[in-house]
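Student: First the structure, then my questions, so here it is.
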Amino acid sequence: MSRQLRILVTGGAGFIGSHYVRRLVRGAYPAFAGAAVVVLDKLTYAGTEAALEPVAGDERLRLVIGDICDADLLDDLLPGTDVVVHFAAESHVDRSITGAAEFVRTNVEGTHTLLRACRNAGVGRFVQVSTDEVYGSIAEGSWREDQPLDPSSPYSASKASADLLALAYHRTYGLPVCVTRCSNNYGPYQFPEKMIPLFVTNLLDGGTVPLYGSGHNVREWLHVDDHCRGVQLVAEAGRPGTVYHVGGGTELTNRELTSLLLRELGADWQDAVRPAPDRPGHDLRYSIDDTRIRTELGYRPRIDFRTGLADTVRWYAENRSWWEPLKIRAAVGGAVTAPARGA
Ligand SMILES: NC(=O)c1ccc[n+]([C@@H]2O[C@H](COP(=O)([O-])OP(=O)(O)OC[C@H]3O[C@@H](n4cnc5c(N)ncnc54)[C@H](O)[C@@H]3O)[C@@H](O)[C@H]2O)c1
């Protein structure tokens, strides 16, 4: 009988990590069927045990509440691990502008501590989950994976640093690292400070939504399930030392997205949209070329944006018990003028 595969997922109680874990444990990724899954998550303001509740009873899943900066904990957890999928990060651009230190600690030092522990333990594969924001802003066309990094915010600079450290661990020590860089995600369980859940939950409460600057900033929106399938393809068969873009979402200006959300929720622009001062260093447009992951690994996004958005709006309408306490605790919605991760 072959040995049970062991997967460690960092940040597995956050938005994207928890989606990945729920899909993994429910058998959506046949190559990892039956795997033992350890989630390592610090449960910061952005992580909730409730996001894992749908699979919490599964005996193959273990949640370890801990910090990726804790080298001793990692040295205990990692031996025998086949694959590490690294989602844990401070992820909100606006928070990085008001307090960059935590981003450097978790995203740079934490990733390095994890890489070192993976090297010590001889981990078989490491997926560094990253973002299109590491390239800065692009007026026209789309970035390929060899584009030089030119990040604008402390968030994207910390992710770029982490990506470079991960790739250096491959080149220097032979750790089998792959990096994924994805565009803006949307879907269930996203913390209600990011554009789509912030706008949806404000509108569900009959409130207003803050639109940054002119609203002409362009983002490419991809459903979290498509992102997680891309990450999984890379975890299974990515070439070590290689960066893969995960894209194929829908490009929209923030004004266009706001109009769609207002329509979904039956609200009116005049009453519901309030202008907010623009974010410093606000990138105008991101756009990635994902030819590599399509041709090498057969990636295709599956979820049509309008369908995915309608499902997402419905999910927030039906799951107030998840987001209401988070909004109260973080005091977001009225006071915070923060439309989006990078949006
Ligand atoms: N959200 C997006 O649109 C998007 C797009 C591309 C890439 N990404 C990347 O995907 C990853 C996940 O993003 P997300 O939106 O799910 O973020 P998130 O903020 O929702 O979740 C991050 C998770 O990491 C945990 N965490 C934070 N610091 C930690 C630490 N020191 N030790 C252990 N756990 C810690 C948090 O508790 C939380 O559960 C990030 O690396 C992000 O850069 C996000």
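Student: Could you order peptides 140-148, 252-260 by the average number of other Cβ atoms within 10 Å of their residues, highest first?
Tutor: 252-260, 140-148
Student: Shifting gears a bit: Under 5 Å between amide H atoms, partner at least 5 residues away or on a different chain: which partners does ILE288 have, H built in plane at 1.01 Å?
Tutor: TRP143
Student: What are the ³J(HN,Hα) values, in whole Hz, obtained from phi via the Karplus relation 6.51 cos²θ - 1.76 cosθ + 1.60 with θ = phi - 60°, for each residue of the range 168-182 in sequence order, with x given for Gly and Pro?
Tutor: Using θ = phi - 60°, the values come out as 5, 5, 6, 5, 7, 10, x, 5, x, 9, 10, 10, 10, 10, 10 Hz.
Student: Which ³J(HN,Hα) values in Hz, rounded to whole numbers, follow from the phi angles of the range 138-149 under the Karplus curve 6.51 cos²θ - 1.76 cosθ + 1.60, where θ = phi - 60° and Gly and Pro get x?
Tutor: 10, 6, 9, x, 9, 7, 8, 5, 8, 5, x, 7
Student: Amide H of VAL84: which non-local residues (sequence gap of 5 or more, or other chain) have their own amide H closer than 5 Å, using H built in the peptide plane?
Tutor: Those lying under 5 Å, H to H, from VAL84 are LEU8, ARG125, PHE126, VAL127.
Student: Let me ask something else about it. Taking every DSSP beta bridge with both residues inside the chain, roughly what % is antiparallel (nearest 5)?
Tutor: So the antiparallel bridges amount to about 10 percent of the total.
Student: Which one, PRO30, VAL224, GLY57, is farthest towards the positive end of the dipole of the chain when Lys and Arg carry +1 and Asp and Glu -1 on their Cβ?
Tutor: PRO30
Student: Amide H of SER130 versus every other amide H placed in the peptide plane: which residues, excluding those fewer than 5 positions away on the same chain, fall under 5 Å?
Tutor: For SER130, whose amide H was placed from the backbone, the distant partners under 5 Å are THR180, ARG181, CYS182.
Student: Roughly how many whole Å is it from the C-alpha centroid of the range 256-288 to that of the range 208-223?
Tutor: 4 Å
Student: If you don't mind, another one. Net charge near ARG144, counting Lys/Arg +1 and Asp/Glu -1 over other residues with Cβ under 12 Å of its Cβ?
Tutor: With Lys, Arg at +1 and Asp, Glu at -1, the neighbours total -3.
Student: Across the range 302-313, in residue order, what do the Karplus-derived ³J(HN,Hα) couplings come to in whole Hz, using 6.51 cos²θ - 1.76 cosθ + 1.60 with θ = phi - 60° and x for Gly and Pro?
Tutor: Once θ is set to phi - 60°, the couplings for the range 302-313 become 10, 9, 5, 4, 5, 5, x, 5, 4, 5, 5, 4 Hz.
Student: In whole angstrom, how far apart do the alpha carbon centroids of the range 177-194 and the range 141-166 sit?
Tutor: Using only Cα atoms to place each centre, the spacing works out to 16 Å.
Student: Moving on. Measuring from centroid to centroid over Cα atoms, what is the spacing of the range 309-330 and the range 8-37 in Å?
Tutor: Answer, in whole Å: 22.
Student: Which listed residue (GLY241, THR98, MET195) has the Cα farthest towards the positive end of the charge dipole for the chain, taking +1 on Lys and Arg C-beta and -1 on Asp and Glu C-beta about the Cα centre?
Tutor: GLY241
Student: To continue, here is another question. What is the packing order of peptides 295-305, 85-95, taking the mean over residues of other C-beta atoms within 10 Å and listing the highest first?
Tutor: 85-95, 295-305
Student: Looking at the chain, I'd like the Rg to Rh ratio, where Rg is from alpha-carbon atoms and Rh is Kirkwood's inverse mean 1/r.
Tutor: 0.95
Student: Next up: Using 10 Å bins from zero, what percent of all Cα-Cα pairs in the range 239-312 falls into each bin?
Tutor: The distribution over the range 239-312 is 14, 33, 31, 17, 5, 0, given as percents.
Read-outs: derived from the displayed coordinates by stated rules, not from any lab. Small disclaimer: the values here were computed from a predicted structure and weren't measured. Virtual Cβ from ideal backbone geometry, glycine too; neighbours counted across all protein chains shown.
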